[in-house]
1. I'm told residue 89 meets every condition in (1) modelled with pLDDT under 95; (2) within 16 Å of the ligand (Cβ to nearest atom); (3) in contact with a strand residue (DSSP E or B) (Cβ under 7 Å, 6 or more places away or on another chain) except one. Can you identify the failing condition by its number?
2. Anything in the range 15-30 that is closer than 17 Å to residue 63 by Cα, at pLDDT 90 or above and surrounded by 10 or more Cβ atoms within 10 Å (Cβ to Cβ)? List them, or say none.
3. Those residues that are farther than 15 Å from residue 56 by Cβ and surrounded by 15 or more Cβ atoms within 10 Å (Cβ to Cβ), I need them from the range 32-43; list them, please.
4. Would you check if residue 86 is surrounded by fewer than 17 Cβ atoms within 10 Å (Cβ to Cβ), under 20 Å from the mean Cα position of the chain (by Cα) and under 30 Å from residue 61 (Cβ atoms)?
Ligand SMILES: [Zn+2]
C-alpha cells in the first residue's frame with residue numbers, strides 16, 4: 001500500500017515477484033529491473049524491494065517451494081485431495097454431487113515426497129434413478 005492506502009501491487013504482480021525472488025540468482029545483473037519488468041508493475045524498484053523485505057519478514061511461507069507447501073498441507077491438514085474435476089454425469093448428463101460424508105483416507109507413495117496422507121472424494125449423480133459414481137481417475141455404474 002502506498003501513502004494514500006492504494007494497493008500498488010496486483011495479485012498477479014505479487015505472485016510474479018515472489019516467483020522471481022525465489023528462482024532468480026540474487027547476483028544476476030539487473031536483478032530488480034528484471035523482476036519489475038517480469039511483474040509488469042508500475043511500482044518503483046525501491047517499492048518492490050520494500051514489499052519483498054516485508055514479505056520475507058512477515059510472510060516467509062510466501063517464498064516456500066511447492067514441495068515445502070505439499071509437506072505442510074500433509075502435516076497440518078487432510079493431505080493430498082483426490083477429487084475428480086468432472087461436473088456432469090457421463091451417463092445421463094445431470095450434475096454430480098460431492099459426497100463429503102463418504103471420503104476415504106488413503107496413503108499415497110510418491111518418489112519425490114515419500115508417503116503422503118490423502119483423502120479420496122467420490123461424486124455421485126444427482127439424479128436418483130442413475131447409479132453413476134465418479135471417482136478420481138475412473139468411474140463406476142451401479143452399486
Ligand atoms: Zn447420472
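1. In the conditions (1) modelled with pLDDT under 95; (2) within 16 Å of the ligand (Cβ to nearest atom); (3) in contact with a strand residue (DSSP E or B) (Cβ under 7 Å, 6 or more places away or on another chain), residue 89 misses (1) alone.
2. 15, 16, 17, 18, 19, 20, 21, 24
3. Across the range 32-43, the qualifying residues are 36, 39, 41, 43.
4. No.
Residue-wise test of (1) touching a strand residue (DSSP E or B) at 6+ places or on another chain (Cβ under 8 Å); (2) closer than 30 Å to residue 34 by Cβ; (3) more than 16 Å from the ligand (Cβ to nearest atom).
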{"position": "51", "(1), (2), (3)": "no, yes, yes"}
{"position": "55", "(1), (2), (3)": "no, yes, yes"}
{"position": "58", "(1), (2), (3)": "no, yes, yes"}
{"position": "76", "(1), (2), (3)": "no, no, yes"}
{"position": "84", "(1), (2), (3)": "yes, no, no"}
{"position": "101", "(1), (2), (3)": "no, no, yes"}
{"position": "127", "(1), (2), (3)": "no, no, no"}
{"position": "134", "(1), (2), (3)": "yes, no, no"}
{"position": "139", "(1), (2), (3)": "yes, no, no"}
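The values are calculated or read from the model by the stated rules, or taken from the named source; none is laboratory data. A quick note: this is a predicted structure, and the numbers were derived from the prediction, not measured. Reconstructed Cβ throughout: ideal geometry from the backbone, glycine too, with neighbour counts over all protein chains shown.
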